[in-house]
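This report refers to the structure that appears directly beneath it.
Just so it is clear, none of the values below were taken in a lab; they were calculated from the coordinates. Computed from a predicted model, the values in this text were never measured in an experiment. Cβ: placed from backbone, ideal geometry, glycine included. Neighbour counts: every protein chain shown.
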Amino acid sequence: MPNIDTNNLEQSLKQIIANILEVEPDKITPQANFVEDLGMDSMMALEILASIEKKYKLRIPEENLTKITNLSKVIELANKFLSK
Amino acid sequence: MLLKDKVAIVTGGTRGIGRAIVFDLIQNGAKVLFTYLKSDESAGIMLDEIKELKGKAEAIKADVRLYDEARKAVEEAINKFGKIDILVNNAGIIKDKALMMMEPSEWLDVINTNLTGYFNMAKACIVTMMKQKSGVIVNISSIAGVVGMPRQVNYSSAKAGGIGLTKSLAKEVAPYNIRVNAIAPGFIDTDMTKDLKQKDELMKMIPFSRFGKPEEVAKVVTFLASDKSSYITGQVLKVDGGLAI
């Protein structure tokens with residue numbers, strides 16, 4: 001399992017999400033809602049999930065798609081599967 | 001080998017049209033996982049026959065009316081074969097009766113298998129296909145869903161529903177390079193049609209004056225599953241000997 005420090009993880013996830021949602025990384029605050037504040041649709045949610053899986057070589061079951069709502073939830077999700 | 005190294009799931013694979021589809025996909029080089037509801041024995045015999053053809057197949061007992069079982073079948077295909085390229089929604093039942101005699105349970109049984117089953121399987125596969133940025137879904141509908149058939153309000157409704165599902169999903173997942181099409185068979189020689197009354201009368205309605213063979217539907221499934229149909233999506237292809245012209 002790769003050893004990833006928390007700050008790095010947050011920055012990397014922020015960058016992935018910013019690219020997919022096509023917004024400035026600064027707008028992705030921990031609590032900014034992806035759908036309401038940043039215009040995410042369900043297809044983008046899937047792209048975020050797939051990109052995280054690819055970058056960290058994880059398998060995150062699709063039932064977790066509904067948890068992709070804000071940065072802090074995504075960090076939580078990534079941490080959960082990185083620690084498995 | 002139109003489907004070399006492709007992985008397919010076929011629901012209701014041990015009988016009738018489903019069985020012919022499994023064999024046609026295998027003969028075109030696909031690896032196939034097929035589901036069945038009842039007979040372990042028929043599934044076992046089929047796997048032996050496929051082995052003799054040097055084909056690769058798995059069978060799983062699954063009730064597609066239940067999402068969890070549909071999901072289990074899809075997981076099994078991914079575990080065994082690593083991906084899913086093709087889903088063929090085929091499992092179906094009939095409970096024909098005049099509406100005034102039809103029990104609500106007979107309505108629901110047919111809707112649950114023939115429509116909800118299609119939804120369950122499509123939902124269970126779709127995220128995998130979207131991540132792959134490729135995939136093909138072929139829904140076996142029926143001419144009954146296109147023109148309506150007496151004594152089949154349940155079946156015709158479910159099959160028409162399958163066409164709606166096909167068109168809607170085709171638009172939804174086209175950006176992910178996933179194609180979704182339906183086939184509407186007419187009268188095909190299977191267990192499902194063997195007890196039909198007044199076959200001679202029905203034959204008069206068919207320009208080809210005969211029932212179709214399951215293999216004649218299966219070949220069209222292979223076409224729609226292959227790259228030969230790479231620009232076709234959201235369509236309902238009638239395979240009916242001209243019945244619904």
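Both the radius of gyration and Dmax for the range B:1-132 are 15.2, 50 Å, in that order, over alpha-carbon atoms. A Gaussian network model of chain B, with springs between Cα atoms under 10 Å, assigns the largest mean-square fluctuation among B:Ile94, B:Ile26, B:Ile163 to B:Ile94. Where only DSSP H runs of four or more residues are counted, chain A gives -16500 deg cm²/dmol as its mean residue ellipticity at 222 nm, each run worth -39500 (n - 2.57). Modelled this way, with points 7 Å down the Cα-to-C-beta line, the labels at B:Lys219 and A:Glu24 are 6.2 nm from one another. Counting only residues at least eight positions apart within a chain, or on another chain, the aspartates and glutamates with an alpha carbon under 15 Å from that of B:Lys197 are B:Asp96, B:Asp189. Work out the FRET efficiency for A:Gln31 and B:Asn79 from their Cβ-Cβ distance, taking R0 = 41 Å, and round it to the nearest 0.05. The formula returns an efficiency of 0.60 here. Around the amide H of B:Gly212, modelled in the peptide plane, lie the amide H atoms of B:Phe187, B:Ile188, B:Asp189, all under 5 Å away and 5 or more residues distant in sequence or on another chain.
The Cα trace of chain B gives Rg and Dmax of 17.0, 50 Å, the first to one decimal, the second as a whole number. Taking amide H as placed 1.01 Å from N in the peptide plane, B:Leu87 has its amide H under 5 Å from the amide H of B:Ile9, B:Val136, B:Ile137, B:Val138, each at least 5 places away in sequence or on another chain. Here the protein assembly as shown is assigned +1 on the Cβ of each Lys and Arg and -1 on the Cβ of each Asp and Glu. Its dipole about the Cα centre then comes out at about 600 debye. The length gained by stretching the chain between B:Gln132 and B:Lys61 to full extension, at 0.36 nm per residue less their Cα-Cα distance, is 22.9 nm.
Placing pseudo-labels 7 Å out from each Cα toward the beta carbon at A:Lys67 and B:Glu41 gives an inter-label distance of 4.7 nm. Binning the alpha carbon pair distances of the protein assembly as shown at 20 angstrom intervals from zero yields the distribution 30, 50, 19, 2, expressed in whole percent.
Across the range B:158-192, the residues whose backbone nitrogen lies under 14 Å from the label position 7 Å along the beta-carbon direction of B:Ser230 are B:177-179. Pair-distance distribution of the range B:50-194: all C-alpha pairs, bin width 10 Å, starting at 0; shares per bin in whole percent are 12, 37, 34, 15, 2, 0. A compact globular protein would have a Cα radius of gyration near 2.2 N^0.38 Å; the ratio found for the range A:6-82 is 0.96. When shorter helices are ignored and each DSSP H run of at least 4 residues is given -39500 (n - 2.57), the per-residue value for chain B at 222 nm works out to -14000 deg cm²/dmol. Database remark: amide H of B:Val236 closer than 5 angstrom to the amide H of B:Ala182 (H placed geometrically; neighbours at sequence offset of 5 or more, or on other chains; Pro and chain starts carry no H).
Summing +1 for each Lys or Arg and -1 for each Asp or Glu among the other residues whose beta-carbon sits under 11 angstrom from that of A:Lys14 gives -2.
Diffusion coefficient (Stokes-Einstein, Kirkwood radius over C-alpha pairs, 4 °C, 1.567 mPa s) for the range B:128-218: 88 µm²/s, rounded to a whole number. When the protein assembly as shown is described by a simple charge dipole with +1 on each Lys and Arg Cβ and -1 on each Asp and Glu Cβ, the residue from B:Val147, B:Thr166, B:Phe208 located farthest towards its positive end is B:Phe208.
Applying a length cut-off of 24 Å (Cα extent along the axis) and a mean Kyte-Doolittle floor of -0.5 to the DSSP H helices of chain B leaves B:153-173. Between the helical axis of A:42-56 and the longest alpha-carbon principal axis of chain A there is an angle of about 30 degrees.
Pairs exceeding 22 Å between alpha-carbon atoms, taken from B:Lys61/B:Lys131; B:Lys72/B:Lys95; B:Lys72/B:Lys97; B:Lys83/B:Lys131; B:Lys80/B:Lys123; A:Lys67/B:Lys61: B:Lys61/B:Lys131; B:Lys72/B:Lys95; B:Lys72/B:Lys97; A:Lys67/B:Lys61. Compared with the rule-of-thumb size 2.2 N^0.38 Å for a compact globular protein, the range B:59-132 has a Cα radius of gyration ratio of 1.29.
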